[in-house]
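The values are calculated or read from the model by the stated rules, or taken from the named source; none is laboratory data. For clarity, every value in this text was computed on a predicted model and none was experimentally measured. Counting neighbours? That spans all protein chains shown, and the Cβs are built from the backbone with ideal geometry, glycine included. The area values use the complete protein model at the heavy-atom level, side chains included, leaving out ligands, DNA and RNA. Shrake-Rupley method; radii C 1.70, N 1.55, O 1.52, S 1.80 Å.
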Amino acid sequence: MRRQTLPPLTRRALLAGLGGAALSTLAACTGSTTGDTADTAAAVSTPAGGPRVVTLDTAELDSAMTLGITPVGAAKAPADAGLPDYWPASRLARIILVGNIGAPDTAAIQQLRPDLILSNQTRDGAHYEALSRIAPTLLTPTTGRPWKENFQQHAHALGRQAAADAFTAAYQRHAAQVAQTLADAGLAGRRISIVRFVENAPIRLYARQNFIGTLLDDVRLPRPDPQNTDQFDVEITPDQIARADGDHLFYAVYGDPDRALATSTLASPGWQALGAVRAHRAFAVSDQLWFQGIGYTGANAVLDELQRLLGA
């Protein structure tokens with residue numbers, strides 16, 4: 001029931017539907033060489049008669065959009081009103097919502113007549129049979145930390161490997177530039193705390209085995225001891241908020257702030273006593289970007305914002 005690659009016949013049929021997509025991606029390789037991938041993104045366009053793709057998680061959405069393919073349908077995060085807003089509204093307006101992440105509306109998907117469905121086993125392993133009856137379905141094993149490897153699988157399925165290579169190289173240059181800028185500004189040793197308030201869940205201190213953890217590793221920024229672990233996150237209660245401290249702190253809220261414990265925690269004496277808060281180095285950031293923007297476009301935007309907020 002778990003599929004990581006498309007079978008040969010389906011793969012050939014998909015490439016036939018893509019038309020000149022594989023060749024058009026070569027143009028992306030001549031995009032920006034400064035580390036900012038905006039020019040590269042503009043160089044990639046969906047060919048006439050190109051693939052009709054449905055994405056069922058935010059990483060798959062970022063992969064398709066980064067590669068110049070606006071999905072015909074996408075699933076949104078359950079607590080959000082819409083898709084991640086770091087994408088231009090003009091592109092998002094072209095995407096039909098097909099249920100929530102982890103609970104896709106298969107009838108709505110079928111109506112869109114997709115050529116390919118992208119998701120992961122964590123969200124949709126139980127839905128694979130139903131989805132594969134609609135269209136060829138690629139499920140990567142999981143999401144989050146292996147986002148770079150997953151992007152390569154998405155690019156291969158979409159026939160856009162040359163463009164994927166260009167984005168990968170551009171991101172590597174960008175991360176190296178940010179790391180050097182932070183080092184030059186004397187910020188390389190600053191411990192970065194990442195906190196997420198999630199509706200109807202404990203407070204999460206994000207460790208290293210997740211999307212944002214990989215970005216901090218890429219720009220060589222260390223973590224506070226409670227977060228410097230090879231796991232996804234560390235869950236705490238509001239009375240343990242002292243464990244969230246760092247030299248700089250970035251936090252976001254997913255869902256209703258009251259039910260996510262954000263409203264009460266941010267007003268608490270414990271939060272106000274954090275060193276990062278007292279030093280005015282605690283920053284609210286977008287949950288849709290920092291925690292849901294799992295892909296190269298999201299990553300580049302986070303690195304730009306990180307550098308700006310750190311004052312480098």
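Counting only protein heavy atoms, what percent of the accessible surface of the stretch 100-199 is carbon or sulfur at a 1.4 Å probe?
46 percent
Would you mind putting 117-123, 166-172 in packing order, based on average other-beta-carbon counts within 10 Å, highest first?
117-123, 166-172
With a 1.4 Å probe and all protein chains kept in place, how do Leu97, Leu61, Leu266 rank by accessible area, largest first?
Highest to lowest solvent-accessible surface, that is Leu97, Leu266, Leu61.
In nm, to one decimal, how far is the Phe232 label point from the Arg190 one, both placed 7 Å along Cα→Cβ?
2.9 nm
How much of the accessible area of the stretch 240-284, in percent, comes from carbon and sulfur atoms when a 1.4 Å probe is used?
It is 54 percent, rounded to a whole number.
Explain nothing, just compute: Karplus ³J(HN,Hα) = 6.51 cos²θ - 1.76 cosθ + 1.60, θ = phi - 60°, for every residue of the stretch 217-232 in order, whole Hz, x for Gly and Pro.
Couplings: 5, 5, 9, 6, 9, x, 10, x, 3, x, 9, 8, 10, 8, 8, 6 Hz.
Any idea how far the Cα center of the stretch 205-269 sits from the one of the stretch 61-76, in Å?
Using only Cα atoms, the two centres lie 28 Å from each other.
Sort Asp218, Asp258, Asp124 by heavy-atom solvent-accessible area, probe 1.4 angstrom, most to least.
So the residues, ranked largest to smallest area, are Asp258, Asp218, Asp124.
Testing the spin-label approximation: label points 7 Å from Cα along Cα→Cβ at Ala242 and Asp165. State their distance in nm.
5.4 nm
Using 0.36 nm per residue of separation minus the Cα-Cα distance, give me the extension gain between Asp85 and Arg308 in nm, one decimal.
Taking 0.36 nm per residue and subtracting the Cα distance, the gain is 78.3 nm.
Decide, for the stretch 237-312, between rounded, prolate and oblate: order the square roots of the alpha carbon gyration tensor eigenvalues as a ≥ b ≥ c, take rounded if a/c falls under 1.5, and otherwise choose prolate if a/b is larger than b/c, else oblate.
Oblate, because a/c is 1.5 or more while a/b does not exceed b/c.
With no solvent and one point per C-alpha, what does the Debye sum give as log10 I(q)/I(0) for the stretch 86-230 at q = 0.15, 0.16 Å⁻¹?
Log10 of I(q)/I(0), two decimals: -1.03, -1.11.
Figure the gain on full extension for His156 and Thr106 (residue separation times 0.36 nm, minus the Cα-Cα span) and round it to one decimal in nm.
15.6 nm
Could you please put Glu129, Glu60, Glu149 in sequence from largest to smallest accessible area, using a 1.4 Å probe?
Ranking Glu129, Glu60, Glu149 by accessible area, largest first, yields Glu149, Glu129, Glu60.
Would you mind calculating the gained length between Ala267 and Gln177 on full extension (0.36 nm times residue separation, minus the Cα-Cα distance), in nm to one decimal?
So the chain would gain 28.7 nm between Ala267 and Gln177.
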